[in-house]
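First comes the structure, then the notes that go with it.
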Ligand code: 1GP
């Protein structure tokens, strides 16, 4: 299936433990893809371990979301490269990405690389602090979305509330700005109702932390957005 048709993704953090049994459930959940990504303590060993455990028994597409070039490795189906549009430092908007291209683009030549315009909206999130973000108003976020589509021509605009459930009204307003660029929403989704609510506006939702806190409920978010 084409990435433009994806509706649901699970995001696994290579710095967190997950049993084989739980990992099997995540991979066989009918989610459209597994994203491997995190902010802290992402190591090459952790990334490779997850990739090989997923590949051993499953065919679900696997994406590496690159946060640290030290943990970059071939073997993934897709690579997502975040550009943090609301960072106060150019480094996190484009310099890290430019260095990664210079160094590693050959390695990724045969795979599919997608740049994501990220907007991080939870000031408590590690990613917000790590990338030195500024908290934007709704109109600012809409303008970033406009830029993602019309200035940078990015395939994905990612509204990131990592760790907390966001504002569906904001997501709806952002969606109205976008025509071609896909809107991804991630942050605090724990229940089927929340998954449905955000998926009404976003093209795809990403469920992360609740895999580790309440897997049973997290698994239900797949059917909630993709149907039984
Ligand atoms: C994190 O957007 C994802 O990058 C998912 O957020 O961990 O809060 O589900 P949660």
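Going through region 172-210 one residue at a time, which ones are assigned to a helix (DSSP H, G or I) and buried (at least 22 other Cβ atoms within 10 Å of the Cβ)? Walk me through it before giving the result.
At the first step, the residues of region 172-210 found to be assigned to a helix (DSSP H, G or I) are 172-177, 192-199, 210.
Correct list: 174, 195, 198.
Is it the case, given these coordinates, that residue 225 is away from the ligand (no atom under 13 Å from the Cβ), closer than 13 Å to residue 10 by Cα and assigned to a helix (DSSP H, G or I)?
Values: away from the ligand (no atom under 13 Å from the Cβ): yes; closer than 13 Å to residue 10 by Cα: yes; assigned to a helix (DSSP H, G or I): yes.
Criteria met by residue 225.
Any residue at all in region 97-104 that's surrounded by 12 or more Cβ atoms within 10 Å (Cβ to Cβ) and at pLDDT 95 or above?
no
Step by step: first the residues of region 44-71, then only those that are in contact with a helix residue (DSSP H, G or I) (Cβ under 6 Å, 6 or more places away or on another chain) and part of a loop (DSSP other than H, G, I, E, B), then the one that is farthest from the ligand (Cβ to nearest atom). Which residue is that?
58
Report whether or not residue 9 is assigned to a strand (DSSP E or B) and closer than 28 Å to residue 228 by Cβ. Talk me through it step by step, then tell me what you get.
Numbers: assigned to a strand (DSSP E or B): yes; closer than 28 Å to residue 228 by Cβ: yes.
It is true that residue 9 is assigned to a strand (DSSP E or B) and closer than 28 Å to residue 228 by Cβ.
Just checking, how many residues over region 169-195 are away from the ligand (no atom under 15 Å from the Cβ), under 19 Å from residue 8 (Cβ atoms) and in contact with a strand residue (DSSP E or B) (Cβ under 9 Å, 6 or more places away or on another chain)?
Residues flagged as away from the ligand (no atom under 15 Å from the Cβ), under 19 Å from residue 8 (Cβ atoms) and in contact with a strand residue (DSSP E or B) (Cβ under 9 Å, 6 or more places away or on another chain) within region 169-195 amount to 3.
Out of all the residues in region 132-143, is one or more within 14 Å of the ligand (Cβ to nearest atom) and either under 23 Å from residue 79 (Cα atoms) or at pLDDT 95 or above (or both)?
Taking region 132-143 as the starting set, the residues that turn out to be within 14 Å of the ligand (Cβ to nearest atom) are 133.
Next cut, either under 23 Å from residue 79 (Cα atoms) or at pLDDT 95 or above (or both) only: 133.
Looking for residues that are within 14 Å of the ligand (Cβ to nearest atom) and either under 23 Å from residue 79 (Cα atoms) or at pLDDT 95 or above (or both), one finds at least one in region 132-143, hence yes.
Among the numbered conditions (1) away from the ligand (no atom under 15 Å from the Cβ); (2) in contact with a strand residue (DSSP E or B) (Cβ under 8 Å, 6 or more places away or on another chain), tell me where residue 157 comes up short.
(1)
The values are calculated or read from the model by the stated rules, or taken from the named source; none is laboratory data. Predicted model only: the values in this text are computed from it and were never measured. With ideal geometry, Cβ positions are generated from the backbone for all residues, glycine too; neighbour counts draw on all protein chains shown.
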